[in-house]
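Taking it in order: structure first as structure tokens, then the write-up.
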Amino acid sequence: MTGTPDTARPRPAAGRGRRGFARWARDTGWRHAVALAVVVFALIPIIYVVSAAFNPKGTLSATSLLPSEFGTGNFERLFTEDNIPFGRWFMNSLVIAVPAAFISILISSLAAYAFSRFRFTGRRPMLLFLLLIQMFPAFLSVVALYLIFGSIGDYYPVAGLNSKLGLMLVYMGGALGVSTWLMKGFFDTIPKELDEAATIDGASHAQIFFGMILPLSAPIIAISGILAFVGTMNDFILASLFLTDRPEMTLAVGLKTLTAANSPASYFGVFAAGTLLTSILTVTVFMSLQRYIVSGLTGGAVKG
């Protein structure tokens with residue numbers, strides 16, 4: 001009678017399943033566990049803010065991660081109470097952020113085009129200087145900006161302290177920074193043969209820049225636009241320095257006054273509702289530009 005060798009016997013399915021799971025956990029599973037832990041850690045503050053915004057009691061002591069009841073009373077207080085000009089703050093932020101971001105991107109793209117395509121004396125030191133000044137945080141210049149724009153306000157009040165134009169000038173003054181470096185690096189990837197071909201056809205530098213370089217640079221312009229807009233909308237230090245009148249404040253500064261001038265415990269729900277509405281605007285801007293970023297990066301910088 002011929003027997004079957006032990007080595008030829010099929011292994012139990014349960015044993016293979018346990019060893020397969022152990023191998024998966026050792027090779028890949030721990031990565032999923034770490035990613036899940038990071039996601040949970042990041043979502044807890046967001047869930048807490050959403051819970052506080054929809055908590056009808058609107059107090060800090062009554063806020064929990066998962067509230068027992070929901071309501072829209074905090075959102076109604078944002079738009080109905082006379083001492084909370086939320087709509088005015090919202091418009092002030094847009095009036096400042098949109099033009100400042102647009103002009104900052106224009107200035108940065110022009111400077112990046114010059115650094116990428118032209119060779120002139122002092123080009124490398126200027127690039128290093130732009131990189132160097134980014135090492136110092138913006139709040140180090142608060143005292144100097146206060147003194148400068150305080151003097152400007154004595155002669156031109158419309159561009160001095162407590163004015164939207166003055167704050168916009170400060171934001172635009174910081175345009176030649178990280179965005180210039182990012183754009184220059186992207187412009188360097190666009191073949192210069194395109195510029196030479198356009199020059200042979202009689203195109204000027206302005207025509208080459210606006211008609212050819214900018215359309216090919218949609219991804220980096222979208223990224224720089226997001227950074228400039230979000231940074232301006234979320235800025236608190238410079239905005240709190242320049243805008244002191246309550247109706248002229250931006251969202252960041254105005255919402256901070258809810259917990260400073262009033263009882264922080266009673267206005268916590270209103271503060272959370274305001275921050276939630278502000279974040280919706282920021283996420284909307286990012287999502288609207290995301291398709292341009294993805295399509296531009298996957299399609300390539302140079303298209304026929």
Report summary line: Note on region 143-196: residues free of Cβ contacts under 8 Å to residues at least 12 places away in the same chain and either among the charged types (D, E, K, R) or on the phi > 0 side of the Ramachandran plot (or both) are 154, 193, 196
Query raised in the report: If you go through region 73-82 one residue at a time, do you hit one that is in contact (Cβ under 8 Å) with a residue 60 or more places away in the chain, touching a helix residue (DSSP H, G or I) at 6+ places or on another chain (Cβ under 9 Å), part of a helix (DSSP H, G or I) and basic (Lys, Arg)?
Result: yes
Query - Entirely in region 161-233, the helices (runs of 4 or more DSSP H) that have 2 or more residues that are aromatic (Phe, Trp, Tyr) and either crowded, with 16+ Cβ neighbours inside 10 Å or at pLDDT below 85 (or both) - result: 178-188
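Residues checked against (1) surrounded by fewer than 12 Cβ atoms within 10 Å (Cβ to Cβ); (2) under 22 Å from residue 166 (Cα atoms):
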| residue | (1), (2) |
| --- | --- |
| 69 | yes, no |
| 89 | no, yes |
| 101 | no, yes |
| 110 | no, no |
| 113 | no, no |
| 122 | yes, no |
| 131 | no, no |
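Against the condition at pLDDT below 85 and in the same structural domain as residue 217 (by TED's automatic domain parsing), how does residue 98 come out, does it pass?
On the way: at pLDDT below 85: no; in the same structural domain as residue 217 (by TED's automatic domain parsing): yes.
Considered against the rule, which asks whether it is at pLDDT below 85 and in the same structural domain as residue 217 (by TED's automatic domain parsing), residue 98 comes out as no.
The values are calculated or read from the model by the stated rules, or taken from the named source; none is laboratory data. Quantities reported herein were computed from a predicted structural model and do not represent experimental measurements. When we count neighbours, we look across all protein chains shown, and the Cβ atoms used for this are built from the backbone with ideal geometry, even at glycine.
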